[in-house]
Amino acid sequence: SKLAALFEHPLYNIPVPEVTDKDKLFIINPMEKFSLRSSGSDEWVSSSKAETLLPTGKTAYDTYPTWLKFHIGINRYELYPRLDPLLPTLLRDLATQRIVSSVQKSGGTQLKLIMTFPNYGQALFKPMKQTRDQETPIDFFYFSDFERHNAEIAAFHLDRILDFRRIPPVSGRLVNITKEIRDITTDKKLAKTFFISPAGNVCFYGECSYYCSTEHALCGKPDRLEGSMAALLPDKTLAKRRSWRSPWRRSYHKSKKAEWELNPNYCAQVRETPPYDRGHRLLDLIDMTILDFLMGNMDRHHYETFEKFGNDTFLLHLDNGRGFGTHSRDEPSILAPLQQCCSIKKSTYLRLQLLATQPYRLSDVLREALATDPLAPVLAEPHLQALDRRLGKVLVAVGHCLAR
């Protein structure tokens, strides 16, 4: 296994700083039992009246569902550990746990659902909108592109292979539209949008600002629909997150250009602006840029951090559905932060060089990682080949910076 060999490499065993209580998102008493509240969100409450005597050999922690252990494990330095024993179980839960509730997620330009499981865990479901081999038309603007369920799955595995570990776990899943959405939804607006197509398939379209209409309906075969299931982060009432506008955000206008596209010295002013004027925030943003270039994702207008950790923490790489839309062309402008700032973390650069070598080739390790997903093959082969080509271009860009 190339993947196992990669994760055993010394570059993937650089220790994380010691995690103190102030570095943990949640501080829990391992002897305290927690009871789960069904309140429409994944809240849990300390149960002080719960019996303190637990079955022999079991701590309260052992009784927690996997999603709760995932939340408790989040710290200042990583969303989940490199060799996380919870990960296979969490991915399996996302793919197989019974769905007891499906409601539409508010906001956003395209349809997304929040699915709830019997243990109060929740996942964000993005349905399949196009086949694996369809490419984004060359005349499409990045902001009118479809969000792809398989891009969310592939992005999670790619982020892990790059050792960023900043995307919540995602699994593919085949959902029964009738039994797992229509029959159990309490969302009246969503319920009104179901219909049977002329071909006899069950369809729905929900409510959203772009692709929510009869012409853009999501249809099953006859009621089976592929989608991505992403583990939800802790409720914002429990762990506040801060949203940051990316300095290299695009204009989201058909004819206007953003300032960074016109000013080659743009990075100099970014370096003088908090929070990019100290710490590793700019380097973390360049990590995210590299991830986006490899996927071909032009839609990174914002990123988030956990408020508790202030400016000294990792960036969350959320919403990756507009990646992997094209394999036949690359978008060099995504690399602007790397090219303009000529900065990269040494550890990131060394891992990229490693992934360009035959024993650990990026396309091979991602192909192997994706083979375990229930919807495999997740990416069409040309997308995997494009990764190796794009990785070469990132290394060339760093080479130009080193030469300068």
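Restricted to segment 82-108, and to residues there that are within 26 Å of D187 (Cα to Cα), of a type outside the set (G, A, S) and in contact with a helix residue (DSSP H, G or I) (Cβ under 8 Å, 6 or more places away or on another chain), the residue that is least open to solvent (accessible area, probe 1.4 Å) is I99.
If I ask for residues that are among the hydrophobic types (A, V, I, L, M, F, W, C) and open to solvent by 40 Å² or more (accessible area, probe 1.4 Å), which ones from segment 209-231 would you list? Steps first, answer last, please.
Narrowing segment 209-231 to residues among the hydrophobic types (A, V, I, L, M, F, W, C): 212, 217-219, 225, 229-231.
Within segment 209-231, C219 is the sole residue that qualifies.
Of the residues P374, P337, P359, which is open to solvent by 10 Å² or more (accessible area, probe 1.4 Å) and in a helix (DSSP H, G or I)? Give the steps one after another, and end with the answer.
On the way: P374 fails: in a helix (DSSP H, G or I); P337 fails: open to solvent by 10 Å² or more (accessible area, probe 1.4 Å).
None of the other options fit; the residue is P359.
Taken over segment 211-261, the criterion of being part of a loop (DSSP other than H, G, I, E, B), farther than 21 Å from R173 by Cβ, without any contact (Cβ under 8 Å) to a residue 24 or more places away in the chain and not basic (K, R) is satisfied by S213, S251, H253, S255, A258. Close contacts from segment 7-26, counting a first residue that is on the phi < 0 side of the Ramachandran plot and a second that is open to solvent by 70 Å² or more (accessible area, probe 1.4 Å) and aromatic (F, W, Y), with Cβ to Cβ under 8 Å and a gap of 6+ residues or different chains, come to V16/Y77; P17/Y77; V19/Y77; D23/Y77. Within segment 101-127, if we keep just the residues that are within 18 Å of E226 (Cα to Cα) and β-branched (V, I, T), the residue that is nearest to the chain's Cα centre (by Cα) turns out to be I114. The set of residues in segment 164-208 being surrounded by fewer than 19 Cβ atoms within 10 Å (Cβ to Cβ), of a type outside the set (V, I, T) and part of a helix (DSSP H, G or I) consists of K179, R182, K188, K189, A191.
Would you mind stating whether P374 is touching a Gly at 6+ places or on another chain (Cβ under 6 Å) and within 23 Å of R148 (Cβ to Cβ)?
Numbers: touching a Gly at 6+ places or on another chain (Cβ under 6 Å): yes; within 23 Å of R148 (Cβ to Cβ): yes.
Taking the combined requirement at face value, the residue satisfies it.
The values are calculated or read from the model by the stated rules, or taken from the named source; none is laboratory data. From a predicted model like this one, the values you see are computed outputs, not experimental measurements. Reconstructed Cβ throughout: ideal geometry from the backbone, glycine too, with neighbour counts over all protein chains shown. The protein model used for the area step is the full one, side chains on, heavy atoms only, and it has no ligands, DNA or RNA in it. Shrake-Rupley method; radii C 1.70, N 1.55, O 1.52, S 1.80 Å.
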